[in-house]
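Student: What follows is a structure written as structure tokens; I'll ask about it next.
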Amino acid sequence: MKRIVSLLPAATEIAAALGLMDEVVGVSHECDFPREANERPRVTHCPVHNAGLTSGEVDEWVRGSLRENGTIYTIDEPLLRELRPDVILTQKLCDVCAVGYGTVARLAESLPGPPRVVNLDPSTLSDIFDDIRRVAEACGVPERAREVIAKLSKRVEVVRRRASRTANRSCCFLMEWVDPPFCSGHWGPELVEIAGGQDPLGRKHQPSVRIDWQKVLEAGPEVIVLVLCGYNINRARRDYELLRRFPDFDSLPAARHGEIYLADASAYFARPGTRIVDSLEILAGILHAEEFPEFAPRGSEDARVVRVGVKAPGPK
């Protein structure tokens, strides 16, 4: 058995899907799925995690900390040494998402063994599947990855095939941050496409970026889905209230017709693990509820996604 330390929520989720949770001996401060992750020692810390800051305050703190310190996280080095990992799962994708790869690699070199450092750096849906293979191979269970990926791929193709039968491809804005506004990137626009929509503001297979609000107004999205990085639905509600005060927000087709949704991006869209396929299904249910009734939002108690705003009377 390998002793695994996961410094990334998506990696912990992947390890669980591969049946490796008994081998996970340490996790990051954000790892919360599956439930057993909350029983593991936490190897990283972030001062603003669950600190109650506004989105604008978080953005300002992150930019300042990266500028001054090069990172926003700290690693409990004594604990990591005590855990004696054989494998450390980390990432290069985003310095805001988890401890930087360079920091982890340098520390790993000083540990007994040293442990194998596995970098997860996805930009596409297929990259996420490759990461599942990478984790499985590093942990000595490559055959399990084939089974997991086969099941996920089948679900993706079901959505792709059924969505291709729909004539309407709505303009859908996946919004990754509100203050300041960020479009979606990496796999986000790809998921919209597969689900039968289009995101002209997104950056397919590229990092998300800050965008000017005027560009959103010009695009006139028919559907807006708030997939706020690291936020659950309750936290997203606060930012939705902020978004409603943006200039000319009410002029957007999505606002006029009540086609605005809040997703649990912490669990789904912003976490490139096995539940990324759940994210695809959620989008399919939003964009084409008539074709995908089993995935459509289920009301205010839905833990995945909720529709907000009141639909104006009259035809679309």
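The values are calculated or read from the model by the stated rules, or taken from the named source; none is laboratory data. Everything numeric in this text was worked out from a predicted model, so none of it was measured. So basically every Cβ, Gly included, is an ideal-geometry build from the backbone, and we count neighbours across all protein chains shown. Please note that ligands, DNA and RNA were not included when accessible areas were found on the heavy atoms of the full protein model with its side chains. Shrake-Rupley method; radii C 1.70, N 1.55, O 1.52, S 1.80 Å.
Student: Only residues in segment 256-267 that are within 14 Å of Glu281 (Cβ to Cβ) count as the first member; pair them with residues that are at pLDDT below 95 and surrounded by fewer than 23 Cβ atoms within 10 Å (Cβ to Cβ), Cβ under 6 angstrom, at least 6 apart or cross-chain, and list the lot.
Tutor: Asp264/Asn232
Student: Okay, moving on. Before we move on, is Cys171 at pLDDT below 95 and closer than 17 Å to Val227 by Cβ?
Tutor: no
Student: Only residues that are open to solvent by less than 20 Å² (accessible area, probe 1.4 Å), closer than 14 Å to Leu262 by Cβ and either in contact with a Pro (Cβ under 6 Å, 6 or more places away or on another chain) or part of a loop (DSSP other than H, G, I, E, B) (or both): list them for segment 199-247, please.
Tutor: Matches in segment 199-247: Val227, Leu228.
Student: What are the residues in segment 1-30 that are in a loop (DSSP other than H, G, I, E, B), open to solvent by less than 30 Å² (accessible area, probe 1.4 Å) and modelled with pLDDT of 95 or more, if any?
Tutor: Leu18, Leu20, listed by residue number.
Student: Okay, moving on. Go through Leu174, Leu107, Leu152, Leu125 for me and flag whichever is surrounded by 15 or more Cβ atoms within 10 Å (Cβ to Cβ), on the phi < 0 side of the Ramachandran plot and either acidic (Asp, Glu) or touching a Gly at 6+ places or on another chain (Cβ under 9 Å) (or both).
Tutor: After ruling out the rest, the residue left standing is Leu174.
Student: Criterion first (of a type outside the set (Phe, Trp, Tyr), farther than 18 Å from Cys172 by Cβ and open to solvent by less than 10 Å² (accessible area, probe 1.4 Å)) does Gly273 satisfy it?
Tutor: Yes, satisfied.
Student: If you go through segment 154-188 one residue at a time, how many are of a type in the set (Gly, Ala, Ser), more than 18 Å from the chain's Cα centre (by Cα) and closer than 25 Å to Ser208 by Cβ?
Tutor: Residues meeting the conditions: 2.
Student: Let me ask you something else. Would you confirm whether or not segment 163-170 contains a residue that is open to solvent by 10 Å² or more (accessible area, probe 1.4 Å), in contact with a Lys or Arg (Cβ under 7 Å, 6 or more places away or on another chain) and in contact (Cβ under 8 Å) with a residue 40 or more places away in the chain?
Tutor: No, segment 163-170 contains no residue that is open to solvent by 10 Å² or more (accessible area, probe 1.4 Å), in contact with a Lys or Arg (Cβ under 7 Å, 6 or more places away or on another chain) and in contact (Cβ under 8 Å) with a residue 40 or more places away in the chain.
Student: Looking at Val159, Val118, can you tell me which residue is among the β-branched types (Val, Ile, Thr), in a helix (DSSP H, G or I) and surrounded by 20 or more Cβ atoms within 10 Å (Cβ to Cβ)?
Tutor: The conditions single out Val159.
Student: I'd like the full set of residues that are within 20 Å of Glu57 (Cβ to Cβ) and open to solvent by 20 Å² or more (accessible area, probe 1.4 Å), limited to segment 248-269.
Tutor: Correct list: Ser266 only.
Student: Being farther than 18 Å from Phe292 by Cα, surrounded by fewer than 19 Cβ atoms within 10 Å (Cβ to Cβ) and modelled with pLDDT under 95, is that true of even one residue in segment 137-149?
Tutor: No, the conditions are met nowhere in segment 137-149.
Student: Could you check segment 262-300 and list, in sequence order, the residues that are charged (D, E, K, R) and outside any loop (DSSP other than H, G, I, E, B)?
Tutor: Residues satisfying the conditions are Asp278, Glu281.
Student: Just one of the numbered conditions (1) more than 16 Å from Phe33 (Cβ to Cβ); (2) in contact with a Leu (Cβ under 6 Å, 6 or more places away or on another chain) is not true of Pro247; which one?
Tutor: All conditions are met except number (2).
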